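All remarks here apply to the structure that follows.
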Amino acid sequence: MPSSEGRTAPAVLAGDFRGALRLQLTVIGALMMRELHTRYGRENLGFLWMVVEPLLFCAGVIIIWSVAQGRYTHGSHLNVLGFVMTGYLPLTLWRHTTNRAVHCFRANASLLYHRQVRMLDLLTARMILELYGTAIAYLVMAFVFWAAGVYEWPKDWGLFYLGWLYFAAFSVAMGLIIGALTEMVEWVEKLVGPLMYFLLPVCGCFFMVDWLPGSVQELVLWMPTVSAYELIRGGQFGPELRIHTNLPLATAVCLALLATGLLLCRNVHRHLVIE
Amino acid sequence: MIRVENLHKVYRSHGGEHVVLRDTSFTVPRGFRLGILGRNGAGKSTLIRLIGKVEQPTRGRVSHEMSVSWPLGFSGSFQGSLTGIDNMRFIARIYRTDFEQLRAFVEEFAELGSFLYQPVKTYSSGMRARLAFALSIAIDFDCYLIDEVMMVGDERFHQRSRGHLFAPDSGRALVVASHDASFIEQVCDGALVISRGRTRYFDDVAEAIKTYKAL
């Protein structure tokens, strides 16, 4: 074939499974770079905002809680800073993944003109970015407070990671469901705010299960984030803290939500008009 | 070769069903230039997007046995809030081509000057189409899907894109949707006429145009 100067042949699209996987990873990577550019631009702090925003949020909360020390931690001798950090950072992740998922497909519909960009890639890219952002925010905050002598690193990293894993799974599942539903039904978007608000008190951010009466304990464990919070805090504070989890239930709920989200996303293209 | 087999597309809207395409089959061999004629709203763009695998058919399938461009048109394919250059970076990444080479070609070809550093949403539709054209020509596909963008740009741009895409010796296959019959007649080797969801293929483009004009 005649090929004029300066033109580059396109890489063969898809092919075998490994080729297809590599292509999908390339696409998700490109979407993440693009997302960073659109969201934070190239001016002022740029993508540092991804870390600064949760940092400011936590700093504010820590100040307020420190003033009210003891009153909210039920007299247990938990380090307020550790309690707030293990509470608010997962919360930030959850809030961000959910908010980022709202109308995610619509906002990126023009990119679907490139057939290697799949619906799910759009959400995946955003979710991975939020996971990264939260992890970096944690590391930066933890390092600064540790260096200042007011924070101790988690006593049991295994539990700490496991808790985050559950939390991430729940957040991503909710992102998938919200992302798909907001494209399918217009009024769902309006419910996201109230839903998040009403889930807040039961999500486990503000209490330890041990502080609750026995009958309520079993009930709140239906919310997978409660088990996740118990694990994260168990990892942070070590065996001195009594934790209660129901991992089979948390696993089942997370998997059910993930499956629902993926199924909804499979069908979302029928509801999306590509310009 | 592009194979289109029993393609059927139905849009559901407010309690009703609208059949855009009824059971259409055809192939586009390498180097073949296929025109698609039809009135506004006849389903030309939908067909182009289905051929490009950007939209899912209700039934039937499309298979590509050569590299096929994304549907080039006035809308889609760019992120409005990003600059031309950043969009170019994105496209270089997902098509796995070399960014610097792409940029050199596009700067020269699209003649957008400093606009390349402005967000794409500030572009006129003509400028957008020029960027899309330049990018897709730089990537060098075997087949180009073109949706009503013949008239963009000035005479110079026309001549150059004609040289690259529409010249008989370019060796590239084309699928061009247009309601500009004379353009289809000049460029295409065969044409489909779409009307009320049905497509009819003509080897003789002049005859296709006669049918189209009688609609």
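Answer with yes or no whether A:L263 is among the hydrophobic types (A, V, I, L, M, F, W, C), over 25 Å from A:F206 (Cα atoms) and without any contact (Cβ under 8 Å) to a residue 24 or more places away in the chain.
yes
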Scanning segment A:107-125 for residues that are within 7 Å of chain B (Cβ to nearest Cβ) and closer than 15 Å to B:L82 by Cβ gives A:S110, A:L111, A:Y113, A:H114, A:V117
In segment B:144-161, what count of residues is obtained for those that are under 14 Å from the mean Cα position of the chain (by Cα) and either over 18 Å from B:G76 (Cβ atoms) or at pLDDT below 75 (or both)?
5
Among what's in segment B:126-137 and is in contact (Cβ under 8 Å) with a residue 40 or more places away in the chain and within 12 Å of chain A (Cβ to nearest Cβ), pick the residue that is nearest to A:G41 (Cα to Cα).
B:R128
How many residues does segment A:124-141 hold that are farther than 18 Å from A:Y40 by Cα and surrounded by 18 or more Cβ atoms within 10 Å (Cβ to Cβ)?
3
Unique residue being more than 30 Å from B:R12 (Cα to Cα), surrounded by 16 or more Cβ atoms within 10 Å (Cβ to Cβ) and in contact (Cβ under 8 Å) with a residue 60 or more places away in the chain when the list is A:L221, A:L159, A:L176
A:L159
Can you tell me which of B:S77, B:S81, B:S67 is at the interface with chain A (Cβ under 9 Å from one of its Cβ atoms), at pLDDT below 90, surrounded by fewer than 20 Cβ atoms within 10 Å (Cβ to Cβ) and closer than 30 Å to B:E100 by Cβ?
B:S81
By residue number, the members of segment A:91-139 that are basic (K, R) and part of a helix (DSSP H, G or I) are A:R95, A:R100, A:R106, A:R126
Sort out for me the helices (runs of 4 or more DSSP H) sitting completely within segment A:164-242 that have 2 or more residues that are of a type in the set (S, T, Y).
A:224-237
What single numbered condition from (1) of a type in the set (A, V, I, L, M); (2) facing another protein chain (nearest Cβ under 10 Å); (3) closer than 21 Å to A:T26 by Cα fails to hold for B:L72?
(3)
Tell me yes or no: at least one residue of segment A:88-106 is within 27 Å of A:L48 (Cβ to Cβ) and within 14 Å of chain B (Cβ to nearest Cβ).
yes
Just the residues that are outside any helix (DSSP H, G or I) and either within 13 Å of B:P71 (Cα to Cα) or modelled with pLDDT of 85 or more (or both), please, taken from segment B:165-182.
B:R172, B:A173, B:L174, B:V175, B:V176, B:A177, B:S178
For B:A132, indicate whether it is modelled with pLDDT of 85 or more, part of a helix (DSSP H, G or I), within 30 Å of B:E100 (Cβ to Cβ) and small (G, A, S).
yes
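The rows are residues; the columns are (1) of a type outside the set (S, T, N, Q); (2) in contact with a strand residue (DSSP E or B) (Cβ under 7 Å, 6 or more places away or on another chain); (3) closer than 22 Å to B:L21 by Cα.
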residue: B:L165; (1), (2), (3): yes, yes, no
residue: B:D169; (1), (2), (3): yes, no, no
residue: B:R172; (1), (2), (3): yes, yes, no
residue: B:L192; (1), (2), (3): yes, yes, yes
residue: B:F202; (1), (2), (3): yes, yes, yes
residue: B:A206; (1), (2), (3): yes, no, no
residue: B:T211; (1), (2), (3): no, yes, yes
If you scan segment B:52-64, which residues turn out to be of a type in the set (A, V, I, L, M) and within 7 Å of chain A (Cβ to nearest Cβ)?
B:V54
Run B:D86 past the list (1) within 10 Å of another protein chain (Cβ to nearest Cβ); (2) in contact with a Leu (Cβ under 9 Å, 6 or more places away or on another chain); (3) of a type in the set (D, E) and report the number of the one that doesn't hold.
(2)
When B:Q101 is evaluated against the numbered criteria (1) more than 10 Å from every other protein chain (Cβ to nearest Cβ); (2) of a type in the set (S, T, N, Q); (3) out of contact with any strand residue (DSSP E or B) (no Cβ under 9 Å at 6 or more places or on another chain), which criterion, by number, is the only one it fails?
(1)
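The values are calculated or read from the model by the stated rules, or taken from the named source; none is laboratory data. It should be emphasised that the depicted structure is a prediction, and the values quoted were computed from it without experimental measurement. All Cβ positions, glycine included, derive from the backbone under ideal geometry; neighbour counts span all protein chains shown.
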